[in-house]
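See structure below.
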Amino acid sequence: MINILEITNNFGLGGTEKTMQTYCKYLDKKKFNVYACGFLGGGPREKYIKDHVINILVANGDSKKTINFIKENKIKIFHYHNIIRTKNIRNLDKGKLIKVLAFCKENNIKIIETSAFSLFDEDIDCFIDFKLFVSKTNIVKYIWKYNEKVINLNNYSYLYNPIDIDELKKYKLSKAEIVKVKEKYGIKPQNFVVGKLGRADIWKWSDEIIDVVPYLIKEIPNLKIVIRALPKQKLSKIRKMKIENYFILLPETSSEKKIAETDQVMDIMLHTSRIGETFGVAIAEGMFFGIPIVTISTDFMQFTLFDRDNAQIEVVENDKNGFVENSIKKMADKIIYLKKNISVLNLVSKENTKKSVELFGAENIIKSFENMILDQKISVVKTLITEYKKSVIKDSMYKIFKINYIALTEYVKFILLKR
């Protein structure tokens, strides 16, 4: 048996924490003794993770406590998910992490990072045995940002974030059950539903699902927009546009059942983010339920005042299992096209379910991870920037200016409100 520690910053509601939870659940308990740690704190997922591990630690940034936990449980694999991989990294927290990594290295504990961020830090990366990105697009960004001379090209690959298909199957609704959920939400049978699901995070939010409404209602007067969850700062925009009657706004939740219900009332998911996606758990789960996805391209090679990712154009292949459009008008046209062509909508729906299970299913992903540990080798991926450039949609100079202006304005408002 191999003792493995699954560790991340905290047990919050984000995709990273959900991925860690899925690893804890699906790692083969006949081969692995699984432990978990929230290095900087706890969170709502802790109660779910506890069900799948031998022991759990909320370290609250205490490196000594973390090292003692590793010693006591004779950890052999240290698998961490995006610990402190942010631009606003505090040197104090980074120093604490380095102490833990140094202890692991000194004691021949294998260090594996699952990284959703294409960040290089020689103080941390020098300890890593294997680096696993959550998409091929992340690798492209990593190579593009950092000269290949400072990267060990033989120690990284990618594994998509695992989607808990068995869990999602539990929440699969019949047509009659979907009707009941729609009634509960205030959706009538004749309504055509476009939805978005995510956290109420103003820094991730992007306005496309609001801006597209005036275009859609010209052709789809029975439109309903379902959002879980809307940042409160955006309510005023909806009211100012006088389109609030088209919206059904649901609160943020950690309930997998409620999230699955929200997915299944949608006819189409319009999933966009100011910063793009490193993978897109909400997209992949929506795909399992057969929802066609419309998204945008957020090219990280163009200048913005904030960091962007763009893996959603890898998960949603344009004109195959959804659409990638950066123009609000073209986005509306694609939604209207699917509304009027039910046979195409159904075809995209089936393709999405198939792709979600085959490429993102937890059993397949985590089996690959286990094989990597047992074989002690990684499948090196050669991903060319030229391949990425073929699929990316670039924003116009005007739109880049607008994106940066909105981001700066919202940041200033946020700072002023804190005073």
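Brief remarks on what is shown
- On the beta carbon distance between residue 108 and residue 381, with R0 = 22 Å, the FRET formula returns roughly 0.25.
- Converting the Cα gyration tensor eigenvalues of the chain into ellipsoid dimensions via √(5λ) gives semi-axes, longest first, of 36, 24, 21 Å.
- Whole-angstrom gap from segment 353-402 to segment 167-194, using each part's C-alpha centre: 31 Å
- Multiplying the residue separation of residue 320 and residue 201 by 0.36 nm and removing their Cα-Cα distance gives an extension gain of 39.9 nm.
- Efficiency of FRET from Cβ geometry, residue 406 and residue 333, R₀ 22 Å, rounded to 0.05: 0.40
- Residue among 49, 295, 22 farthest towards the positive dipole end of the chain, charges placed on Cβ: 295
- For residue 395, distant residues with modelled amide H under 5 Å away: 299
- Applying 0.36 nm per residue to the separation of residue 55 and residue 255 and subtracting their alpha-carbon distance, the gain on full extension is 69.7 nm.
- Label-zone membership for segment 21-62, site residue 363, 7 angstrom Cα→C-beta point, backbone N under 15 Å: 26-29
- Placed amide H near residue 57: partners under 5 Å, 5+ positions off or other chain: 36, 37, 38
- Size check on segment 165-360: the Cα extents along the three principal axes, sorted descending, read 48, 41, 34 Å.
- Fraction of C-alpha pairs exceeding 12 angstrom in segment 285-338: 67 percent, rounded to a whole number.
- Crossing angle, helix 397-418 versus the chain [Cα axis fit, 0-90 degrees, rounded to tens]: 70 degrees
- A Förster radius of 25 Å combined with the Cβ-Cβ distance from residue 29 to residue 99 puts the calculated FRET efficiency at roughly 0.25.
- Relative to the dominant Cα principal axis of the chain, helix 91-106 is inclined by about 50°.
- Taking other Cβ atoms within 10 Å as a rough exposure proxy, 1, 372 sort from fewest to most as 1, 372.
- Between 297, 368, 135, the Gaussian network model of the chain with springs among Cα atoms under 10 angstrom shows the greatest mean-square fluctuation at 368.
- For residue 115, the residues 5 or more places off, or on other chains, whose built amide H falls under 5 Å of its own are 132, 133, 134.
- Distance from segment 244-311 to segment 92-110 (C-alpha centre basis), Å: 35 Å
- Rg over Rh for segment 241-349 works out to 0.97, using Cα positions for both radii and the Kirkwood form for Rh.
- Shape category assigned to segment 1-109 from the gyration tensor of Cα positions, a/c cut at 1.5: oblate
- Taking each residue as 0.36 nm, the span from residue 145 to residue 242 lengthens on full extension beyond its C-alpha to C-alpha distance by 30.6 nm.
- Cα gyration tensor category, rounded, prolate or oblate, for segment 294-402 with a/c compared to 1.5: oblate
- Between residue 190 and residue 167, the modelled label-to-label distance comes to 3.9 nm, taking each label 7 Å out from Cα in the direction of the beta carbon.
Computed from the coordinates by the stated procedures, all read-outs in this text should not be read as laboratory data. Quick caveat, the model's predicted, so the values are computed rather than measured. When we count neighbours, we look across all protein chains shown, and the Cβ atoms used for this are built from the backbone with ideal geometry, even at glycine.
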